[in-house]
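Report on the following structure.
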Amino acid sequence: LFFKIWLRNLFSINVKSLFFNCSIKGFRDKYSVIIIKGKFSYKIFYNAKINMQNSQLTFNQIFSKPDSRRTTFKMMSDSQLNVTGDFDIFSGGHIIINKGAKLILGSGYINYDVKIRCFDEITIGHNVAISENVTIWDTDAHQIIGKESEMTKPVKIGNRVWIGNNVTILKGVTI
């Protein structure tokens, strides 16, 4: 199985993918791999973790060439990205997992130009399809007078969910 995973991705493996797989902390079994394609920039604090079990995570997946969009990915200190299935994130995304926050990805894909701001916890289930220009935030990103304790609330997207173009999902929402 390990050989099949790497053979299936033979032409996708590049120096950036190899470096990313080897340098990022977290648990990843021998059947898991992170693939990075195209223009991709990232900043990951030393104690952030990407945990994967029998899964493949592809950043900057490209639907058609040429594609000049850049994906930006940031993980702050003590943050986690947990992947439990095969998940593709297409190009143009901007994903930030804030200090101590947790982003959980099941299986499926997120199309072009996603904006994810995870300040607490965002869970995306299995067999999920998320279309273009979607925004997912579990925070107000600032305090609202009198409601400081409600600044963040988890977002939960269940299994077998399809989210259409230009949807905005905010804190406390369950789909």
Checklist outcome for this item: So for the range 68-112, using the alpha carbon gyration tensor with a ≥ b ≥ c as root eigenvalues (a/c under 1.5 gives rounded; past that, a/b versus b/c decides prolate or oblate), I'd call it oblate
Item to check | Contact order relative to length of the range 52-175, as percent, for alpha carbon pairs under 8 angstrom and 6 or more apart | outcome: 19 percent
Checklist entry - Quick one: net charge of SER79's neighbours, Cβ under 15 Å, K/R +1, D/E -1? => result +3
Checklist entry - Can you give the extra length, in nm with one decimal, that the chain gains between ARG160 and ASN133 once fully stretched, where that is 0.36 nm per residue apart less the Cα-Cα distance? => result 7.8 nm
Checklist entry - Going by accessible area, probe 1.4 Å, with all protein chains left in place, what is the ranking of CYS22, CYS118, largest first? => result CYS22, CYS118
Next on the checklist: My understanding is that a pair violates if its Cα-Cα distance is over 24 Å; which of LYS25/LYS171; LYS102/LYS153; LYS37/LYS171; LYS74/LYS153; LYS25/LYS99; LYS65/LYS171 do that in this structure?
Outcome noted: LYS25/LYS171; LYS37/LYS171; LYS65/LYS171
Item to check | Euclidean distance between Cα centres, the range 20-72 to the range 82-144, Å | outcome: 14 Å
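The values are calculated or read from the model by the stated rules, or taken from the named source; none is laboratory data. Quantities reported herein were computed from a predicted structural model and do not represent experimental measurements. All Cβ positions, glycine included, derive from the backbone under ideal geometry; neighbour counts span all protein chains shown. Calculation scope for accessible area: heavy atoms of the full protein, side chains included, ligands and nucleic acids excluded. Shrake-Rupley method; radii C 1.70, N 1.55, O 1.52, S 1.80 Å.
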